[in-house]
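Note sheet for the following structure.
The values are calculated or read from the model by the stated rules, or taken from the named source; none is laboratory data. This is a predicted model, so every value here is computed, not measured. Using ideal geometry, Cβ is built from the backbone for each residue, glycine included, and neighbour counts are taken over all protein chains shown. Heavy atoms of the whole protein, side chains included, go into the accessibility calculation; ligands, DNA and RNA do not. Shrake-Rupley method; radii C 1.70, N 1.55, O 1.52, S 1.80 Å.
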Amino acid sequence: MNKKNILIINAALNGRLGSTEKLLQIAAKKLSENFDIDFIYLNEHNTYNKYLEKILNAAGFIIGTGVHWSSWSSLFQKFIEGATDGEGSKLWLGKPCGFVVTSHSFGGAEVLSKLITTMNLFGCYTPPCCGVSYSMAEHDALKLEKNKEKSEYWRLEHIDTVLCHNFAESLNDSKNWKFWNDYPEHSLEKAWLE
């Protein structure tokens with residue numbers, strides 16, 4: 001029995017050498033348990049037409065990028081501009097799309113939102129909780145003992161336990177969705193600034 005194929009698009013400027021790749025590899029490892037995984041690295045070859053067959057054969061996509069000047073990478077911008085002719089076609093239409101965005105400090109959530117909107121306009125859909133924005137500031141904050149149990153932070157394990165789980169659920173037509181956390185300490189009535 002042939003497995004469905006997931007295409008991971010690494011749009012990070014550092015490609016295989018950057019932080020985005022490390023997060024995408026977490027996703028690839030988990031998803032490879034049930035799916036075939038293929039990668040494209042836009043920093044190695046960024047001509048959209050080169051990837052048409054891979055895009056067509058993909059059952060879904062995971063896209064990763066860093067944040068640059070409050071936007072996605074210039075590599076993804078060039079890629080998506082080249083892909084515009086395929087918008088709404090069988091290349092993209094009805095396929096799930098998950099996202100990993102990395103940044104040094106801020107801007108990841110905005111880029112994530114822009115990615116979700118753009119790929120939706122191309123015809124893809126985003127399963128619940130299938131976008132993660134992970135920053136160096138967050139990563140460093142989680143290293144502090146007093147922050148280890150903070151449920152408000154996105155964590156590396158969310159890529160495996162939530163993003164990959166829900167992405168796989170969407171491809172398997174099941175709806176056993178997971179959410180980030182139970183937020184045991186979370187209260188909107190309590191001030192977070194001491």
Per-q log10 I(q)/I(0), the chain, q = 0.11 Å⁻¹ (Debye; single scatterer per alpha-carbon; no solvent)
-0.49
Can you give the accessible area of Ile63, probe radius 1.4 Å, in Å² rounded to 10?
0 Å²
Percentage of interatomic Cα-Cα distances in segment 1-98 larger than 23 Å
22 percent
Accessible area per residue for the chain in Å², computed with a 1.4 Å probe and the full protein assembly in place, what is it?
56 Å²
Using a Gaussian network model of the chain with C-alpha springs under 10 Å, which one of Ala168, Ala83, Ala12 is most mobile by mean-square fluctuation?
Ala83
Of the candidates Ser71, Gly123, Thr47, the farthest towards the positive dipole end of the chain (Lys/Arg Cβ +1, Asp/Glu Cβ -1, centred on the Cα centre) is Thr47
If you roll a 1.4 angstrom probe over the protein chains with everything in place, what fraction of the accessible area of the chain belongs to carbon and sulfur, to the nearest %?
52 percent
